[in-house]
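Comments concern the structure below.
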Amino acid sequence: MVMDKNFYRDISIYYKAQEEQKMEKRNVFDILLERGFIEQVTHEEELRELLGKESVTFYIGFDPTADSLHVGHFVQMVVMAHMQHAGHRPIALLGGGTTMVGDPSGRTDMRQMLTQKEINANAERFKVQFQKLIDFSEGKAIMDNNANWLLDLNYVDFLREIGVHFSVNRMLTAECYKSRLEKGLTFIEFNYMLMQSYDFLELYRRYNCKLQMGGDDQWSNIISGVDLIRRVDGSSAYGMTFALLTTSEGKKMGKTQSGAVWLDPEKTSPFEFYQYWRNIDDADVEKCLALLTFIPMDEVRRLGSLPGNKINEAKTVLAFEITKLVHGEEEAVKAKNAAEALFGTGGDMDHVPTTELKRELFSEGVNIIDLLVLTELVPSKGEGRRLINQGGLLLSEEKVEDIDRTVCEDDFEDGALILKNGKKTYHRVLMK
């Protein structure tokens, strides 16, 4: 597997700075705590001591419900990288089995049921993205798929060995189920907690995995797995959740008008990815620098406290560093140059999202809403009408106020025009 040399260089610089600052190797628990990752922990003192004295195998599960990981998953990947560099062994667990059922956590309705073929295809794409941050060489990390043990389980045996340890009354108090009771919870989803808990038991038996980590919405599932190992095998196991990626107002980050911010460049281009982070709210800059980059915390705090318009310097650092980790340094430089070109500070327009359309299309004029759909700046004509009615569309810096506006050759300057959706999304149209 080809590893990202830039990433390993950057994380080594980070840890060297940490060691020079503290003059001793720090416990990774303290690093995660300082950077704001840790939300809830089972047996906190016991786990911190364990992480300080031995190499611990831990796992995080990823259900391949889509064909790419998104920025919410990226937080978990950064945690895995911190843990691995501190000498612990990650297991990236693909949920080929659990995805067949669907996790009710954080959902108001049942997840779409995918076929096994779709799930396997998604899982293969996840594998490539994990390698951006995790070193799988020489046994340093493990990638496994819970389909290997879940799909062939005997249901009655599973109920007798595993189901007997779960109290329905207790399960119904878990947030992932409690919030769904009024709207309806299917029996297939009710099994999810048992399956995830069994994953932890299986990984403990296979790899001596003692720690499960995940987003805070997984707390109920994680503590159930910890409890199962202690009950069935009488062994110590631990759980840790980390903060979900939210804004200072408590809203989930990683969403745009066109959908999620994906790690796959085919779904979210490096430029769009860069622009997302370049345009986050001032109040969220320090948190994102701490959670999503390997910049030392002294520098994170300095950047996060820059006054007034200087905070834009911190946003540029944030956008560049995250884009470099996900897409590589070359793509990060291209995205930065494209952004600078748009804002008139030099740079290269070639990497702004662009659609080329035939000149004859504009000889008689194209309706602005049709053009928005053609460029995929909006997903539908209804969204295009809504954007214009709300005053959110600019055509070459001119606000579009008429949904019947026609775009023709005269609107182009040197064969190009710029469409702007709100404050953050740009698209260039070229005539050919």
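Remarks
- Residue with peak Gaussian network fluctuation, the chain [Cα springs, cutoff 10 Å], from Val333, Val71, Val164: Val164
- Net charge dipole size for region 217-343 [Lys, Arg +1 and Asp, Glu -1 on Cβ; Debye, nearest 20]: 220
- Computed about the Cα centre, the dipole magnitude for the chain is approximately 880 debye when only Lys and Arg (+1) and Asp and Glu (-1) carry charge, each at its Cβ.
- Taking the DSSP bridge list for the chain and keeping only pairs wholly inside it, about 50 percent are antiparallel.
- If you sort the three axes of the alpha carbon gyration tensor as a ≥ b ≥ c, you get a/c of 1.5 or more for region 354-431 and a/b above b/c, which makes it prolate.
- Neighbour-count ranking [beta-carbon atoms within 10 angstrom, fewest first] of Ser220, Ser235: Ser235, Ser220
- Positive-end residue, the chain charge dipole about Cα centroid, Cβ charges, pick of Ala319, Tyr198, Ala147: Tyr198
- Basic side chains Lys and Arg get +1 at the Cβ, acidic Asp and Glu get -1 at the Cβ, and with that the dipole of region 358-432 about its Cα centre reaches some 460 debye.
- Axial C-alpha extent at least 18 Å, average Kyte-Doolittle at least -0.5 - helices from the chain (DSSP): 71-85, 192-207, 219-232, 311-327
- Cα-Cα over 27 Å, subset of Lys53/Lys252; Lys336/Lys420; Lys267/Lys432; Lys25/Lys251; Lys315/Lys381: Lys53/Lys252; Lys25/Lys251; Lys315/Lys381
- For Arg278, Arg301, the sequence from fewest to most other C-beta atoms within 10 Å is Arg301, Arg278.
- Distance distribution P(r), region 255-351, all Cα-Cα pairs, bin width 10 angstrom from 0: 17, 48, 33, 3 percent.
- Spatial separation of Cα centroids for region 370-418 and region 44-85, in angstrom: 43
- Lys399-Asp217 pseudo-label distance in nm [points 7 Å out on the Cα-to-Cβ vector]: 3.6
- Gain upon complete extension [Asp281, Gln390; 0.36 nm per residue less C-alpha separation]: 37.1 nm
- 222 nm mean residue ellipticity, helices alone, for the chain (DSSP H n ≥ 4; -39,500 (n - 2.57); rounded to 500): -13000 deg cm²/dmol
Taken together, the values in this text are just the output of simple stated rules run on the coordinates, not laboratory data. If you're wondering where the values come from, they're calculated on a predicted model, not measured in any experiment. Cβ coordinates were reconstructed from backbone atoms using ideal geometry, including for glycine residues, and neighbour counts include every protein chain displayed.
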